[in-house]
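Enquirer: This is the structure, below, for whatever I ask next.
The values are calculated or read from the model by the stated rules, or taken from the named source; none is laboratory data. Keep in mind that this is a model prediction, so the values were computed, not measured. Glycine also receives a Cβ, built like all others from the backbone with ideal geometry; neighbour counts cover every protein chain displayed. For the accessible areas, the whole protein counts, side chains as well, though only heavy atoms, and no ligand, DNA or RNA atoms are used. Shrake-Rupley method; radii C 1.70, N 1.55, O 1.52, S 1.80 Å.
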Amino acid sequence: MIDGARLLCYNCGWTGDLESLRYTCPRCGEPLTIVYDRERLVEGSRKEMKGRGVWRYSAFLPFPEDVEPVTLDEGWTPLHQSRLARGLRLKNEGLNPTASFKDRGMTVAVTDARRRGATKVICASTGNTAASVAAYAARAGMTSYVLVPSGAVARGKLAQAIAHGARIIKVRGSFDEALREVLRIVSSDRSFYLMNSVNPYRIEGQKTLAFELWEQLGRRVPDVVVLPVGNAGNISAIWKGFKELKEAGLADSTPRMIGVQAEGAAPLARAFEEGLSELRPVESPQTYATAIRIGSPVSWRRALMAARESGGAIISVGDDSILEAQKDLARVDGVFVEPASAASVAGYRRALAEGLVDGGEEVVAILTGHGLKDPDAVSRFDFVEVEVEPGQLSRELSSYR
Ligand code: AN7
(Lines give C-alpha, C1' and ligand atoms only; values in the text may rest on other atoms or scores of the structure.)
Protein backbone atom coordinates (compact mmCIF):
# COMPACT_ATOMS: atom_id res chain seq x y z
CA MET A 1 0.00 0.00 0.00
CA ILE A 2 1.32 3.43 -0.88
CA ASP A 3 0.18 6.00 1.65
CA GLY A 4 -1.32 9.30 0.71
CA ALA A 5 -1.48 8.71 -3.05
CA ARG A 6 -4.33 7.63 -5.32
CA LEU A 7 -5.55 7.71 -8.89
CA LEU A 8 -7.86 10.50 -9.97
CA CYS A 9 -9.76 11.25 -13.15
CA TYR A 10 -9.71 15.00 -13.66
CA ASN A 11 -12.57 14.74 -16.10
CA CYS A 12 -15.27 12.92 -14.12
CA GLY A 13 -13.87 12.72 -10.59
CA TRP A 14 -13.46 8.91 -10.45
CA THR A 15 -10.87 7.90 -7.91
CA GLY A 16 -9.12 4.60 -7.14
CA ASP A 17 -6.09 3.12 -5.42
CA LEU A 18 -2.70 2.48 -6.97
CA GLU A 19 -2.62 -1.25 -6.33
CA SER A 20 -4.27 -2.40 -9.52
CA LEU A 21 -2.67 -1.10 -12.66
CA ARG A 22 -4.92 1.30 -14.56
CA TYR A 23 -4.10 3.84 -17.24
CA THR A 24 -7.47 5.30 -18.12
CA CYS A 25 -10.64 6.08 -16.22
CA PRO A 26 -13.01 3.09 -16.06
CA ARG A 27 -15.94 5.51 -16.22
CA CYS A 28 -15.03 8.02 -18.95
CA GLY A 29 -11.77 6.83 -20.55
CA GLU A 30 -9.69 9.91 -19.67
CA PRO A 31 -6.00 9.29 -18.78
CA LEU A 32 -5.68 8.95 -15.00
CA THR A 33 -3.46 11.09 -12.79
CA ILE A 34 -1.74 10.17 -9.53
CA VAL A 35 -2.57 12.69 -6.80
CA TYR A 36 -1.23 13.04 -3.25
CA ASP A 37 -2.81 14.14 0.00
CA ARG A 38 -1.61 17.54 1.05
CA GLU A 39 -0.07 16.04 4.22
CA ARG A 40 2.00 13.68 2.10
CA LEU A 41 3.36 16.61 0.04
CA VAL A 42 4.15 18.65 3.13
CA GLU A 43 5.86 15.64 4.70
CA GLY A 44 7.82 15.21 1.45
CA SER A 45 8.99 18.81 1.64
CA ARG A 46 10.63 18.08 5.00
CA LYS A 47 12.68 15.14 3.72
CA GLU A 48 16.27 15.67 2.68
CA MET A 49 16.74 15.75 -1.10
CA LYS A 50 19.56 13.32 -1.82
CA GLY A 51 21.45 12.53 -5.02
CA ARG A 52 20.81 14.13 -8.39
CA GLY A 53 18.08 14.04 -10.98
CA VAL A 54 14.68 12.37 -10.93
CA TRP A 55 15.18 10.21 -7.81
CA ARG A 56 16.32 13.19 -5.77
CA TYR A 57 12.58 13.93 -5.50
CA SER A 58 11.52 10.42 -4.51
CA ALA A 59 9.54 11.80 -1.56
CA PHE A 60 7.15 13.07 -4.25
CA LEU A 61 6.98 9.82 -6.21
CA PRO A 62 4.40 7.05 -5.70
CA PHE A 63 6.67 4.32 -4.36
CA PRO A 64 7.59 2.86 -0.98
CA GLU A 65 10.83 4.30 0.41
CA ASP A 66 12.82 1.14 -0.27
CA VAL A 67 12.03 1.03 -4.00
CA GLU A 68 14.95 0.12 -6.26
CA PRO A 69 14.86 2.39 -9.30
CA VAL A 70 15.74 1.28 -12.81
CA THR A 71 17.89 4.27 -13.62
CA LEU A 72 20.49 5.67 -16.02
CA ASP A 73 20.97 8.87 -13.97
CA GLU A 74 18.40 10.90 -15.83
CA GLY A 75 17.65 14.55 -15.12
CA TRP A 76 19.90 17.19 -13.49
CA THR A 77 20.30 18.83 -16.90
CA PRO A 78 21.92 22.24 -17.42
CA LEU A 79 20.05 25.54 -17.34
CA HIS A 80 21.88 27.93 -19.67
CA GLN A 81 21.44 31.68 -19.98
CA SER A 82 20.57 32.30 -23.63
CA ARG A 83 22.46 34.89 -25.68
CA LEU A 84 19.34 35.38 -27.80
CA ALA A 85 17.42 37.32 -25.13
CA ARG A 86 18.24 38.60 -21.67
CA GLY A 87 15.14 37.10 -20.08
CA LEU A 88 15.54 33.68 -21.67
CA ARG A 89 17.03 30.57 -20.11
CA LEU A 90 17.34 27.20 -21.76
CA LYS A 91 16.69 23.94 -19.95
CA ASN A 92 18.78 21.48 -21.93
CA GLU A 93 16.87 18.20 -21.73
CA GLY A 94 18.79 16.87 -24.73
CA LEU A 95 21.53 15.97 -22.25
CA ASN A 96 19.52 13.16 -20.69
CA PRO A 97 20.80 9.55 -21.09
CA THR A 98 18.95 8.92 -24.37
CA ALA A 99 19.07 12.61 -25.32
CA SER A 100 15.49 13.64 -24.62
CA PHE A 101 13.24 14.58 -21.69
CA LYS A 102 11.42 11.25 -22.04
CA ASP A 103 13.98 9.55 -19.79
CA ARG A 104 12.53 11.29 -16.72
CA GLY A 105 9.22 9.53 -17.22
CA MET A 106 10.75 6.28 -18.36
CA THR A 107 12.87 5.66 -15.26
CA VAL A 108 9.73 5.95 -13.13
CA ALA A 109 7.45 3.92 -15.43
CA VAL A 110 9.96 1.09 -15.89
CA THR A 111 10.53 0.99 -12.15
CA ASP A 112 6.79 0.51 -11.73
CA ALA A 113 6.73 -2.10 -14.51
CA ARG A 114 9.42 -4.11 -12.70
CA ARG A 115 7.61 -3.87 -9.36
CA ARG A 116 4.56 -5.34 -11.02
CA GLY A 117 6.53 -8.14 -12.63
CA ALA A 118 6.10 -6.99 -16.23
CA THR A 119 8.45 -8.43 -18.85
CA LYS A 120 7.08 -6.77 -21.99
CA VAL A 121 6.69 -3.03 -22.50
CA ILE A 122 5.01 -1.33 -25.44
CA CYS A 123 4.56 2.17 -26.82
CA ALA A 124 3.58 4.17 -29.88
CA SER A 125 6.02 6.93 -30.67
CA THR A 126 7.15 9.69 -32.98
CA GLY A 127 10.65 8.51 -32.03
CA ASN A 128 11.93 9.77 -28.70
CA THR A 129 9.63 7.66 -26.57
CA ALA A 130 10.69 4.62 -28.59
CA ALA A 131 14.39 5.35 -28.06
CA SER A 132 13.92 5.86 -24.34
CA VAL A 133 11.65 2.84 -23.85
CA ALA A 134 14.16 0.67 -25.70
CA ALA A 135 17.02 1.79 -23.46
CA TYR A 136 15.16 1.44 -20.15
CA ALA A 137 13.69 -1.91 -21.14
CA ALA A 138 17.22 -3.10 -21.88
CA ARG A 139 18.35 -1.83 -18.50
CA ALA A 140 15.49 -3.68 -16.78
CA GLY A 141 15.95 -6.90 -18.78
CA MET A 142 12.58 -6.52 -20.50
CA THR A 143 11.49 -6.82 -24.12
CA SER A 144 10.30 -3.61 -25.77
CA TYR A 145 7.80 -3.25 -28.62
CA VAL A 146 7.75 0.14 -30.28
CA LEU A 147 5.21 1.25 -32.89
CA VAL A 148 6.26 4.14 -35.08
CA PRO A 149 4.60 5.84 -38.06
CA SER A 150 6.42 4.48 -41.11
CA GLY A 151 8.54 7.01 -42.93
CA ALA A 152 8.21 9.82 -40.38
CA VAL A 153 10.72 9.01 -37.66
CA ALA A 154 14.01 10.86 -37.36
CA ARG A 155 17.02 8.66 -38.14
CA GLY A 156 18.84 9.09 -34.83
CA LYS A 157 15.82 7.93 -32.87
CA LEU A 158 15.34 4.86 -35.00
CA ALA A 159 19.05 4.07 -34.63
CA GLN A 160 18.65 4.14 -30.85
CA ALA A 161 15.64 1.81 -30.90
CA ILE A 162 17.60 -0.61 -33.09
CA ALA A 163 20.72 -0.36 -30.94
CA HIS A 164 18.84 -1.12 -27.71
CA GLY A 165 17.14 -4.14 -29.23
CA ALA A 166 13.54 -2.97 -29.49
CA ARG A 167 11.11 -4.87 -31.67
CA ILE A 168 10.23 -2.14 -34.11
CA ILE A 169 6.80 -2.16 -35.71
CA LYS A 170 6.22 0.41 -38.43
CA VAL A 171 2.59 1.38 -38.78
CA ARG A 172 1.32 2.55 -42.16
CA GLY A 173 -0.42 5.52 -40.70
CA SER A 174 0.00 8.41 -38.28
CA PHE A 175 1.27 8.45 -34.70
CA ASP A 176 -2.34 8.90 -33.57
CA GLU A 177 -3.35 5.68 -35.31
CA ALA A 178 -0.35 3.84 -33.84
CA LEU A 179 -1.30 4.98 -30.34
CA ARG A 180 -4.89 3.84 -30.81
CA GLU A 181 -3.55 0.38 -31.76
CA VAL A 182 -1.36 0.25 -28.68
CA LEU A 183 -4.20 1.31 -26.35
CA ARG A 184 -6.37 -1.43 -27.82
CA ILE A 185 -3.65 -4.04 -27.23
CA VAL A 186 -2.95 -3.10 -23.60
CA SER A 187 -6.63 -3.10 -22.72
CA SER A 188 -7.09 -6.65 -23.99
CA ASP A 189 -3.71 -8.21 -23.19
CA ARG A 190 -2.49 -7.41 -19.68
CA SER A 191 0.94 -8.92 -20.34
CA PHE A 192 1.94 -5.71 -22.15
CA TYR A 193 2.87 -2.78 -19.91
CA LEU A 194 2.06 0.60 -21.49
CA MET A 195 4.88 3.16 -21.74
CA ASN A 196 3.04 6.08 -23.34
CA SER A 197 2.21 9.13 -21.22
CA VAL A 198 -1.31 7.79 -20.73
CA ASN A 199 0.52 5.82 -18.04
CA PRO A 200 0.35 8.06 -14.93
CA TYR A 201 3.83 6.97 -13.79
CA ARG A 202 5.33 8.68 -16.84
CA ILE A 203 3.79 11.97 -15.72
CA GLU A 204 5.24 11.50 -12.22
CA GLY A 205 8.75 11.24 -13.61
CA GLN A 206 8.38 14.16 -15.97
CA LYS A 207 7.02 16.45 -13.27
CA THR A 208 10.47 16.41 -11.62
CA LEU A 209 11.60 18.95 -14.19
CA ALA A 210 9.60 21.53 -12.21
CA PHE A 211 11.34 20.55 -8.96
CA GLU A 212 14.73 20.73 -10.60
CA LEU A 213 14.11 24.16 -12.12
CA TRP A 214 12.97 25.43 -8.75
CA GLU A 215 16.24 24.28 -7.20
CA GLN A 216 18.40 25.57 -10.05
CA LEU A 217 16.87 29.03 -9.69
CA GLY A 218 17.67 29.09 -5.97
CA ARG A 219 14.37 27.68 -4.70
CA ARG A 220 12.25 29.98 -6.84
CA VAL A 221 10.03 29.39 -9.83
CA PRO A 222 10.38 31.34 -13.11
CA ASP A 223 7.65 33.68 -14.40
CA VAL A 224 7.00 31.61 -17.50
CA VAL A 225 7.81 28.14 -18.83
CA VAL A 226 7.55 27.67 -22.59
CA LEU A 227 7.68 24.24 -24.18
CA PRO A 228 6.74 22.27 -27.29
CA VAL A 229 3.48 20.33 -27.15
CA GLY A 230 2.67 17.16 -29.06
CA ASN A 231 0.74 14.48 -27.21
CA ALA A 232 0.62 16.96 -24.30
CA GLY A 233 2.00 14.74 -21.54
CA ASN A 234 4.92 17.00 -20.72
CA ILE A 235 3.00 20.24 -20.23
CA SER A 236 0.57 18.33 -18.00
CA ALA A 237 3.44 16.84 -16.01
CA ILE A 238 5.45 20.01 -15.50
CA TRP A 239 2.35 21.97 -14.46
CA LYS A 240 1.54 19.21 -11.96
CA GLY A 241 5.06 19.52 -10.55
CA PHE A 242 4.71 23.26 -10.01
CA LYS A 243 1.32 22.85 -8.36
CA GLU A 244 2.74 20.25 -5.98
CA LEU A 245 5.70 22.48 -5.10
CA LYS A 246 3.24 25.15 -4.08
CA GLU A 247 0.94 22.78 -2.22
CA ALA A 248 3.93 21.38 -0.34
CA GLY A 249 4.77 24.90 0.79
CA LEU A 250 8.09 24.99 -1.09
CA ALA A 251 7.12 27.72 -3.56
CA ASP A 252 4.67 30.58 -3.15
CA SER A 253 3.77 31.00 -6.79
CA THR A 254 3.52 29.06 -10.05
CA PRO A 255 4.74 30.03 -13.52
CA ARG A 256 2.52 30.65 -16.55
CA MET A 257 2.72 27.67 -18.88
CA ILE A 258 2.97 28.45 -22.59
CA GLY A 259 2.65 25.42 -24.85
CA VAL A 260 3.80 25.66 -28.45
CA GLN A 261 2.56 23.57 -31.36
CA ALA A 262 3.64 23.53 -34.98
CA GLU A 263 1.09 25.25 -37.24
CA GLY A 264 0.39 22.08 -39.22
CA ALA A 265 -0.32 20.09 -36.06
CA ALA A 266 -1.99 22.56 -33.74
CA PRO A 267 -5.35 21.27 -32.49
CA LEU A 268 -4.63 22.52 -28.96
CA ALA A 269 -3.57 26.00 -30.02
CA ARG A 270 -6.83 26.25 -31.95
CA ALA A 271 -8.90 24.97 -29.04
CA PHE A 272 -7.20 27.46 -26.73
CA GLU A 273 -7.61 30.43 -29.05
CA GLU A 274 -11.25 29.66 -29.75
CA GLY A 275 -12.01 28.85 -26.11
CA LEU A 276 -13.32 25.40 -27.05
CA SER A 277 -14.00 22.75 -24.45
CA GLU A 278 -13.67 19.88 -26.91
CA LEU A 279 -10.77 18.96 -29.14
CA ARG A 280 -11.11 18.91 -32.89
CA PRO A 281 -8.31 16.59 -34.05
CA VAL A 282 -6.17 17.43 -37.06
CA GLU A 283 -6.58 14.59 -39.56
CA SER A 284 -3.19 14.59 -41.28
CA PRO A 285 -0.80 16.67 -39.21
CA GLN A 286 2.22 18.12 -41.02
CA THR A 287 5.45 19.70 -39.79
CA TYR A 288 9.14 19.09 -40.20
CA ALA A 289 9.28 18.88 -36.39
CA THR A 290 8.30 15.20 -36.62
CA ALA A 291 8.39 14.71 -32.84
CA ILE A 292 5.27 16.83 -32.51
CA ARG A 293 3.49 15.72 -35.68
CA ILE A 294 0.47 14.71 -33.63
CA GLY A 295 -3.12 15.53 -34.54
CA SER A 296 -5.07 14.11 -31.61
CA PRO A 297 -3.15 14.70 -28.35
CA VAL A 298 -4.24 12.17 -25.75
CA SER A 299 -3.69 14.56 -22.81
CA TRP A 300 -5.53 17.44 -24.48
CA ARG A 301 -7.82 18.09 -21.53
CA ARG A 302 -4.94 18.24 -19.05
CA ALA A 303 -2.97 20.52 -21.38
CA LEU A 304 -5.80 23.02 -21.74
CA MET A 305 -6.18 22.93 -17.96
CA ALA A 306 -2.47 23.67 -17.50
CA ALA A 307 -2.59 26.63 -19.87
CA ARG A 308 -5.82 28.06 -18.42
CA GLU A 309 -5.15 27.46 -14.72
CA SER A 310 -1.64 28.86 -14.93
CA GLY A 311 -2.65 32.00 -16.83
CA GLY A 312 -0.59 30.86 -19.83
CA ALA A 313 -1.56 29.89 -23.35
CA ILE A 314 -1.15 27.40 -26.15
CA ILE A 315 0.07 28.98 -29.35
CA SER A 316 1.35 27.81 -32.72
CA VAL A 317 4.40 28.66 -34.81
CA GLY A 318 5.26 28.04 -38.44
CA ASP A 319 7.96 25.64 -39.61
CA ASP A 320 9.98 28.61 -40.91
CA SER A 321 10.21 30.19 -37.48
CA ILE A 322 11.02 26.80 -35.92
CA LEU A 323 13.90 26.41 -38.36
CA GLU A 324 15.07 29.96 -37.64
CA ALA A 325 15.05 29.30 -33.89
CA GLN A 326 16.82 25.97 -34.32
CA LYS A 327 19.60 27.67 -36.29
CA ASP A 328 19.90 30.54 -33.82
CA LEU A 329 20.13 28.17 -30.86
CA ALA A 330 22.88 26.23 -32.61
CA ARG A 331 24.81 29.21 -34.00
CA VAL A 332 24.37 31.84 -31.29
CA ASP A 333 23.98 29.75 -28.13
CA GLY A 334 25.99 26.70 -29.18
CA VAL A 335 23.10 24.41 -28.30
CA PHE A 336 22.03 21.94 -30.98
CA VAL A 337 18.42 20.82 -30.58
CA GLU A 338 15.99 18.90 -32.70
CA PRO A 339 13.27 20.88 -34.55
CA ALA A 340 10.47 20.23 -32.02
CA SER A 341 12.61 21.66 -29.23
CA ALA A 342 13.25 24.84 -31.18
CA ALA A 343 9.49 25.39 -31.27
CA SER A 344 9.81 26.58 -27.68
CA VAL A 345 12.12 29.43 -28.64
CA ALA A 346 10.04 30.24 -31.75
CA GLY A 347 7.06 30.32 -29.38
CA TYR A 348 8.90 32.61 -26.98
CA ARG A 349 9.50 35.05 -29.82
CA ARG A 350 5.86 35.01 -30.84
CA ALA A 351 4.73 35.39 -27.22
CA LEU A 352 7.02 38.42 -26.82
CA ALA A 353 5.73 39.97 -30.04
CA GLU A 354 2.12 39.48 -28.97
CA GLY A 355 2.66 40.75 -25.44
CA LEU A 356 1.94 37.40 -23.76
CA VAL A 357 5.39 37.71 -22.20
CA ASP A 358 7.36 40.77 -21.19
CA GLY A 359 11.06 41.12 -22.06
CA GLY A 360 11.85 41.73 -18.39
CA GLU A 361 10.31 38.47 -17.24
CA GLU A 362 12.25 35.35 -16.42
CA VAL A 363 11.33 32.71 -18.98
CA VAL A 364 12.59 29.15 -19.22
CA ALA A 365 12.36 27.39 -22.58
CA ILE A 366 12.43 23.61 -22.38
CA LEU A 367 14.73 22.19 -25.04
CA THR A 368 13.26 18.71 -25.14
CA GLY A 369 15.61 16.77 -27.41
CA HIS A 370 19.14 16.79 -28.85
CA GLY A 371 19.86 17.89 -32.41
CA LEU A 372 21.67 14.66 -33.26
CA LYS A 373 18.34 12.87 -33.00
CA ASP A 374 17.39 14.27 -36.39
CA PRO A 375 20.55 14.76 -38.45
CA ASP A 376 18.57 15.20 -41.67
CA ALA A 377 16.95 18.38 -40.36
CA VAL A 378 20.16 20.33 -40.93
CA SER A 379 19.82 19.84 -44.66
CA ARG A 380 17.57 22.90 -44.36
CA PHE A 381 20.38 25.02 -42.88
CA ASP A 382 22.55 27.21 -45.08
CA PHE A 383 26.16 26.10 -44.74
CA VAL A 384 29.58 26.17 -46.32
CA GLU A 385 31.18 22.89 -47.33
CA VAL A 386 33.87 22.35 -49.95
CA GLU A 387 36.18 19.54 -50.90
CA VAL A 388 39.82 20.26 -51.74
CA GLU A 389 42.75 18.28 -53.09
CA PRO A 390 45.65 17.97 -50.63
CA GLY A 391 47.85 21.05 -51.13
CA GLN A 392 44.97 23.19 -52.34
CA LEU A 393 43.82 24.49 -48.95
CA SER A 394 45.52 27.89 -48.93
CA ARG A 395 44.17 28.70 -52.40
CA GLU A 396 40.68 27.76 -51.26
CA LEU A 397 40.91 29.85 -48.09
CA SER A 398 42.21 32.90 -49.93
CA SER A 399 39.18 32.74 -52.19
CA TYR A 400 37.04 33.50 -49.12
CA ARG A 401 38.53 36.99 -48.69
C1 AN7 B 1 11.65 16.40 -28.67
O2 AN7 B 1 8.32 10.32 -28.68
O3 AN7 B 1 5.33 12.00 -28.57
O4 AN7 B 1 3.61 17.00 -25.56
O5 AN7 B 1 6.34 9.59 -29.13
O6 AN7 B 1 10.00 14.12 -28.78
O7 AN7 B 1 4.63 15.36 -23.99
O8 AN7 B 1 4.06 14.69 -26.32
C9 AN7 B 1 7.49 12.94 -28.47
C10 AN7 B 1 7.15 14.20 -28.11
C11 AN7 B 1 8.41 17.61 -27.50
C12 AN7 B 1 6.16 16.70 -27.15
N13 AN7 B 1 9.69 17.55 -27.86
O14 AN7 B 1 5.94 16.24 -25.84
C15 AN7 B 1 7.11 10.49 -28.82
C16 AN7 B 1 6.54 11.85 -28.61
C17 AN7 B 1 10.22 16.40 -28.29
C18 AN7 B 1 9.42 15.25 -28.35
C19 AN7 B 1 7.58 16.53 -27.56
C20 AN7 B 1 8.06 15.32 -28.01
P21 AN7 B 1 4.48 15.78 -25.38
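Enquirer: So which trypsin sites (Lys or Arg not before Pro) in the stretch 235-309 end up in coil per DSSP with only 13 or fewer other C-beta atoms within 10 Å? Write out the running numbers ahead of the final one.
Expert: On the way: sites: Lys240, Lys243, Lys246, Arg256, Arg270, Arg293, Arg301, Arg302, Arg308; in loops: Arg293.
Passing sites in the stretch 235-309 do not exist.
Enquirer: The chain: longest stretch without exposed GluC sites (Glu not before Pro) (DSSP loop, at most 12 other Cβ within 10 Å), sites themselves excluded? Let's see the in-between values first.
Expert: Working: sites that count: Glu19, Glu48, Glu65, Glu274, Glu278, Glu283, Glu354, Glu385, Glu387.
Maximal segment without exposed cleavage sites: 66-273.
Enquirer: Further question on the same structure: Of the listed pairs Lys102/Lys157; Lys91/Lys327; Lys157/Lys327; Lys120/Lys170; Lys91/Lys170; Lys327/Lys373, which have alpha-carbon separations greater than 24 Å here?
Expert: Working: Lys102/Lys157 12 Å; Lys91/Lys327 17 Å; Lys157/Lys327 20 Å; Lys120/Lys170 18 Å; Lys91/Lys170 32 Å; Lys327/Lys373 15 Å.
In this structure, Lys91/Lys170 exceed 24 Å between Cα atoms.
Enquirer: With θ taken as phi - 60° and the coefficients 6.51, -1.76 and 1.60, list the Karplus ³J(HN,Hα) couplings across the stretch 214-226 in order, rounded to whole Hz; mark glycine and proline as x.
Expert: Along the stretch 214-226, the couplings run 4, 5, 5, 8, x, 6, 9, 9, x, 6, 9, 10, 10 Hz.
Enquirer: How far is helix 102-115 tilted, in degrees, relative to the longest principal axis of the Cα atoms in the chain, given as a value from 0 to 90 rounded to the nearest 10?
Expert: It is inclined by approximately 30 degrees.
Enquirer: Each residue of the stretch 316-326 in turn: what ³J(HN,Hα) in whole Hz from Karplus with 6.51, -1.76, 1.60 and θ = phi - 60°, glycine and Pro shown as x?
Expert: Karplus values, whole Hz, x for Gly and Pro: 10, 9, x, 4, 4, 6, 5, 4, 4, 5, 4.
Enquirer: Okay, moving on. Which one of Val364, Val54, Ala307 has its Cα pushed farthest toward the positive end of the charge dipole of the chain, where Lys and Arg give +1 and Asp and Glu give -1 at the Cβ?
Expert: Result: Val54, furthest along the dipole toward the positive end.
Enquirer: Here's something else I'd like to know. Calculate one ³J(HN,Hα) per residue across the stretch 361-377 by plugging θ = phi - 60° into the Karplus curve 6.51 cos²θ - 1.76 cosθ + 1.60, and present them in order as whole Hz with x for glycine and proline.
Expert: 7, 8, 10, 10, 9, 8, 8, 7, x, 6, x, 5, 4, 10, x, 5, 4
Enquirer: What residues have an amide H closer than 5 Å to that of Tyr145, excluding those fewer than 5 places away on the same chain, when H is modeled at 1.01 Å from N in the peptide plane?
Expert: Hits under the 5 Å cutoff: Val121, Ile122, Cys123, Arg167.
Enquirer: Ignoring everything except DSSP H segments at least 4 long, calculate the 222 nm mean residue ellipticity for the chain; use -39,500 (n - 2.57) per segment, divide by total residues, nearest 500. Don't jump to the answer; show the numbers that get you there.
Expert: Working: 13 runs with 139 residues, N = 401.
Per the formula, -10500 deg cm²/dmol.
Enquirer: For Pro285, what charge total do you get from the other residues with a beta carbon under 13 Å from its beta carbon, if Lys and Arg give +1 and Asp and Glu give -1?
Expert: Working: positive: Arg270, Arg280, Arg293; negative: Asp176, Glu177, Glu263, Glu283, Asp319.
Within the 13 Å Cβ shell, the charges total -2.
Enquirer: Additional query: Report, by chain and number, residues whose modeled amide H sits under 5 Å from the one on Thr24, excluding near sequence neighbours (fewer than 5 apart, same chain).
Expert: Amide H neighbours of Thr24: Leu32.
Enquirer: Just going by the charge dipole of the chain, with Lys and Arg at +1 and Asp and Glu at -1 on Cβ, which of Leu329, Ala154, Ala266 is farthest out on the positive end?
Expert: Selected residue: Ala154.
Enquirer: Taking the Cα atoms only, what angle lies between the long axis of helix 175-188 and the longest principal axis of the chain, rounded to 10 degrees?
Expert: Compared with the principal axis, the helix lies near 20 degrees.
Enquirer: So how tilted is helix 128-140 from the main axis of the chain? Cα-based, degrees 0 to 90, rounded to 10.
Expert: Tilt relative to the chain: about 60 degrees.
Enquirer: Just want to confirm a number: the relative contact order over the chain, from Cα pairs under 8 angstrom separated by 6+ residues, in percent. Show your work: numbers first, answer last.
Expert: Working: 828 pairs, mean separation 67.3, N = 401.
The normalised contact order for the chain reaches 17 percent.
Enquirer: What nm distance separates the two modelled labels at Asp358 and Ile185, each placed 7 Å from Cα along Cα→Cβ?
Expert: Result: 5.1 nm between the two label points.
Enquirer: Let me ask you something else. With a Förster radius of 45 Å, plug the Cβ-Cβ distance of Ile169 and Asp382 into 1/(1 + (r/R0)^6) and report the FRET value to the nearest 0.05. Mind dumping the intermediate values first?
Expert: Values: r = 37 Å, r/R0 = 0.83.
Between Ile169 and Asp382 the formula returns 0.75.
Enquirer: For the chain, with only Lys/Arg (+1) and Asp/Glu (-1) charged at the beta-carbon, what is the dipole magnitude about the Cα centre, in debye rounded to 20? Walk me through the numbers before you get to the answer.
Expert: On the way: 51 positive and 50 negative charges, 134 e Å.
Its charge dipole is roughly 640 debye.
Enquirer: With every protein chain present, what is the per residue accessible area of the chain (1.4 Å probe, Å²)? Don't skip to the answer; put the middle values down first.
Expert: Numbers: 16720 Å² over 401 residues.
Roughly 42 Å² per residue, with all protein chains present.
Enquirer: Keeping the other protein chains in place, figure out the carbon and sulfur percent of the accessible area of the stretch 1-68, with a 1.4 Å probe. Can you show the working numbers first?
Expert: Numbers: 1540 of 3720 Å².
Carbon and sulfur together cover 41 percent of it.
Enquirer: Quote the charge dipole size of the stretch 1-80 about the Cα centre in Debye, to the nearest 20; the model charges only the Cβ of Lys and Arg (+1) and of Asp and Glu (-1). Each step should come with its number before you reach the end.
Expert: Values: 10 positive and 13 negative charges, 57 e Å.
For the stretch 1-80, the charge dipole is close to 280 debye.
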